[in-house]
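Visitor: One structure, pasted below without further comment.
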Amino acid sequence: MDLFEYQARTLLAVHGVPVPPAALADNPEEARIAADLFGGPVVVKAQVRTGGRGKAGGVRLASTPDEAAGHAEAMLGGMTINGHRVRRVLVVPASEISAEYYLSFLLDRASRTFTAVASAEGGVEIEQLAADRPESIARARIDPRRGLTEATARKLAAAARFPDDVTDAVTGVMLRLWDAFAAEEALLVEVNPLAREPGGRVLALDAKVTIDGNARFRHADHRSLASRQDEEDPLERRARERQLNYVRLDGQVGVIGNGAGLVMSTLDVVADAGAARGGVRPANFLDIGGGASAEVMASGLEIILADPSVRSVLVNVFGGITACDAVADGIVAAFTLLEARGEPVDRPVVVRLDGNSAERGRRILTEASLPAVRLASTMDSAAAEAARLAATGA
Ligand SMILES: Nc1ncnc2c1ncn2[C@@H]1O[C@H](COP(=O)(O)OP(=O)(O)O)[C@@H](O)[C@H]1O
Ligand SMILES: [Mg+2]
């Protein structure tokens with residue numbers, strides 16, 4: 001579960017990571033009052049669970065309370081960043097920054113351990129830094145049984161070439177950040193930037209935390225951090241209300257399959273085929289499970305097609321207990337149902353049926369001759385066709 005910055009910074013502060021004071025505001029008036037109370041210039045920050053807010057205009061300096069209210073109004077009046085609507089802003093006293101550093105701890109699945117990452121060249125996104133100046137990034141593996149030792153923290157600070165006069169301060173922040181990571185059972189804690197002020201003090205000006213949902217039962221206090229209904233993706237909410245196993249992603253090919261494993265593989269082959277089509281990607285995960293009734297198929301198609309970025313749909317079904325002819329009947333009935341609801345299927349749907357009664361299923365679809373439907377014989381060819389349709393629209 002990703003936290004908002006305002007939640008993440010509080011969690012880090014509890015473990016002793018130095019953060020500036022801040023006030024959360026729901027409306028421009030609250031932002032004005034906060035700026036007035038802080039006195040002096042403030043930074044108004046959009047609260048969205050995505051990075052790159054600075055570049056998107058979601059982090060703005062205000063020299064007066066009026067200006068702070070103005071920025072809050074602009075952000076709360078419908079600004080979206082990477083598709084995330086801004087519903088609250090954080091007002092923070094502006095720091096004078098003489099340098100920006102980067103620190104993080106994460107569960108590194110590739111190396112099956114915890115990894116610390118540090119750089120004396122923070123401020124920009126780590127992916128960007130890794131691409132531009134990989135030599136500026138230092139990493140260390142952390143033994144989960146021993147945790148981060150001071151010796152390892154100092155070695156990491158030296159490898160990242162922090163200036164000598166901040167080494168002690170940065171090492172102290174690393175140790176506290178590790179405490180937060182371990183105690184909260186996080187998958188990621190990231191401070192970018194850790195800012196150095198002219199006096200030599202260091203301060204976490206931005207915080208990103210992902211906590212491990214699987215450990216939630218051990219953290220009753222995390223329950224209040226869970227996303228509020230109004231912040232949930234509207235399509236995911238609709239899907240949940242219909243008991244569909246749907247997760248929205250950010251691509252263009254809608255995916256429906258039966259069985260979580262098959263759907264995950266389908267996402268992979270679509271991403272693979274899409275890479276050759278200018279970066280077309282899957283738009284969602286949707287597992288319709290064993291039952292592929294017309295009702296379930298119609299609900300699934302309806303939710304997928306309600307996503308405006310979807311340009312083609314791939315239905316990938318391996319018939320087992322639910323035979324492919326039943327799925328095909330479900331698809332045909334779903335088209336009729338959607339038509340009757342005034343929401344006819346208006347984008348191409350590639351269907352791949354295999355396994356139990358696949359032949360009969362394909363015959364049903366051929367005979368129904370639905371203009372939007374195209375049959376594919378293999379998973380790879382189906383993914384290639386869906387990616388092509390999403391890229392070219394025909
Ligand atoms: N309190 C602050 N005072 C001064 N500058 C800030 C403050 N908070 C953020 N900034 C500046 O804005 C940049 C982007 O803000 P940040 O919180 O890191 O958002 P994001 O990473 O989403 O772009 C920072 O790198 C920093 O230069
Ligand atoms: Mg940042």
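Visitor: Specify the angular offset, from 0 to 90 degrees and rounded to the nearest 10, of the alpha carbon long axis of helix 5-14 from the longest principal axis of the alpha carbons in the chain.
Guide: 50
Visitor: If each residue's Cβ is checked for other Cβ atoms within 10 Å, how do I97, I288 rank with the fewest at the top? Before the final figure, lay out each step's value.
Guide: On the way: I97 14, I288 24.
In order of increasing Cβ crowding within 10 Å: I97, I288.
Visitor: Once you list every other residue whose beta carbon is under 12 Å from the beta carbon of V349, what net charge do they have if Lys and Arg are +1 and Asp and Glu are -1?
Guide: Result for the local shell: +2.
Visitor: Just going by the charge dipole of the chain, with Lys and Arg at +1 and Asp and Glu at -1 on Cβ, which of P93, A72, A260 is farthest out on the positive end?
Guide: So the residue we want is A260.
Visitor: Let me ask something additional. Would you kindly give the portion of the calculated P(r) for region 266-394 that falls above 27 Å, as a percent of all Cα pairs? Spell out each step's value before the answer.
Guide: Details: 903 of 8256 pairs.
It works out to 11 percent of all Cα pairs.
Visitor: Roughly how tilted is helix 65-76, in degrees to the nearest 10 and between 0 and 90, from the longest Cα axis of the chain?
Guide: Once rounded, one gets 20 degrees.
Visitor: If I stretch the segment between R341 and R201 completely, what's the gain in nm (0.36 nm per residue apart, minus their alpha carbon distance), one decimal?
Guide: 44.2 nm
Visitor: Taking the Cβ-Cβ separation of R216 and R360 as r and a Förster radius of 41 Å, what is the calculated FRET efficiency to the nearest 0.05? Mind dumping the intermediate values first?
Guide: On the way: r = 45 Å, r/R0 = 1.09.
According to the calculation, E is roughly 0.35.
Visitor: Continuing with this model, one more query. Below 8 Å, C-alpha to C-alpha, sequence gap of six or more: please give me the relative contact order for the chain in percent. Write down the numbers at each step before the final one.
Guide: Working: 791 pairs, mean separation 49.4, N = 394.
13 percent.
Visitor: At a 10 Å Cβ-Cβ cut-off, how would you order R248, R109, fewest neighbours first?
Guide: Values: R248 19, R109 8.
Ranked by crowding around the Cβ, least crowded first: R109, R248.
Visitor: Taking the Cβ of each residue in D132, D36 as the centre, tally the other Cβ atoms inside 10 Å and list the residues starting with the fewest. Don't skip to the end; give the middle numbers.
Guide: Values: D132 10, D36 15.
Taking fewest neighbouring Cβ atoms as first place, the list is D132, D36.
Visitor: Give me the angle, in degrees from 0 to 90, between the Cα long axis of helix 294-305 and the longest principal axis of the Cα atoms of the chain, rounded to the nearest 10.
Guide: The helix 294-305 is inclined about 50 degrees to the chain.
Visitor: How big is the charge dipole of region 241-394 about its Cα centre, in debye rounded to the nearest 20, if each Lys and Arg gets +1 on its Cβ and each Asp and Glu gets -1 on its Cβ? Don't skip to the end; give the middle numbers.
Guide: Working: 13 positive and 18 negative charges, 61 e Å.
My answer is approximately 300 debye.
Read-outs: derived from the displayed coordinates by stated rules, not from any lab. Predicted model, so just to flag it, every value in this text is computed and none were measured. A quick note on method: Cβ atoms are made from the backbone with ideal geometry, for glycine too, and the neighbour counts reach across all protein chains shown.
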